[in-house]
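The structure appears right after this line, and notes come after that.
The values are calculated or read from the model by the stated rules, or taken from the named source; none is laboratory data. Here the structure is a predicted model, which is why all the values come from computation and not from measurement. Quick reminder, even Gly has a Cβ in these numbers, built from the backbone with ideal geometry, and neighbours come from all protein chains shown.
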Amino acid sequence: MGSSIEHLIHKGNKASLFTRVAQAVATWTGKPLTFFVAVSLIVVWAVSGPIFNFNDTWQLVINTSTTIITFLMVFIIQNSQNRDTAAMQIKLDELIIRLEGAREELLDLEELDEADLSEIRKDFCGRASTAREKSARMKTRR
């Protein structure tokens, strides 16, 4: 690994403010307690309907709040997923580099277009099918 990469890996507080906030929100919203809080808020809103005579403002509160939350969560989730995917690809590339006999042409596959990925996937599916058939033949010989 080059020294510039080592520096990036070991530089301490490496995440931007947005990244730290996005990680915290994604972590918090993924907890069961958060789900139960959200359900509780919906129940409170629904139960309060008769109190407000199911008027337009009562409906606007839930519609507006859920729309805003959903809109913002799309960006939070996408940011988290992009970071996770990028980190995973780097780790997989490192494993490919380190494994003896691994095909280094498989590095950076995520940069290929969908058609190329589909062709490579078909090749791997064929290899998997052949391996399963071979394994099944070996078991029947025993």
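Report whether or not residue 122 is under 27 Å from the mean Cα position of the chain (by Cα) and assigned to a helix (DSSP H, G or I).
yes
For the range 47-69, filtering for residues that are touching a helix residue (DSSP H, G or I) at 6+ places or on another chain (Cβ under 9 Å), more than 28 Å from residue 23 (Cα to Cα) and surrounded by 11 or more Cβ atoms within 10 Å (Cβ to Cβ) leaves 4. On inspection, residue 52 does not qualify as at pLDDT 90 or above, in the same structural domain as residue 26 (by TED's automatic domain parsing) and under 23 Å from the mean Cα position of the chain (by Cα). Looking at the structure I just gave you, is residue 72 loosely packed, with under 11 Cβ neighbours inside 10 Å, in the same structural domain as residue 29 (by TED's automatic domain parsing) and either out of contact with any Cys (no Cβ under 9 Å at 6 or more places or on another chain) or not polar (S, T, N, Q) (or both)? Considered against the rule, which asks whether it is loosely packed, with under 11 Cβ neighbours inside 10 Å, in the same structural domain as residue 29 (by TED's automatic domain parsing) and either out of contact with any Cys (no Cβ under 9 Å at 6 or more places or on another chain) or not polar (S, T, N, Q) (or both), residue 72 comes out as no. From the list 116, 84, 108, the one residue that fits, being surrounded by 10 or more Cβ atoms within 10 Å (Cβ to Cβ), acidic (Asp, Glu) and in contact with an Asp or Glu (Cβ under 9 Å, 6 or more places away or on another chain), is 108. For the range 79-106, the set of residues classified as β-branched (Val, Ile, Thr) and touching a Leu at 6+ places or on another chain (Cβ under 8 Å) consists of 96, 97, listed by residue number.
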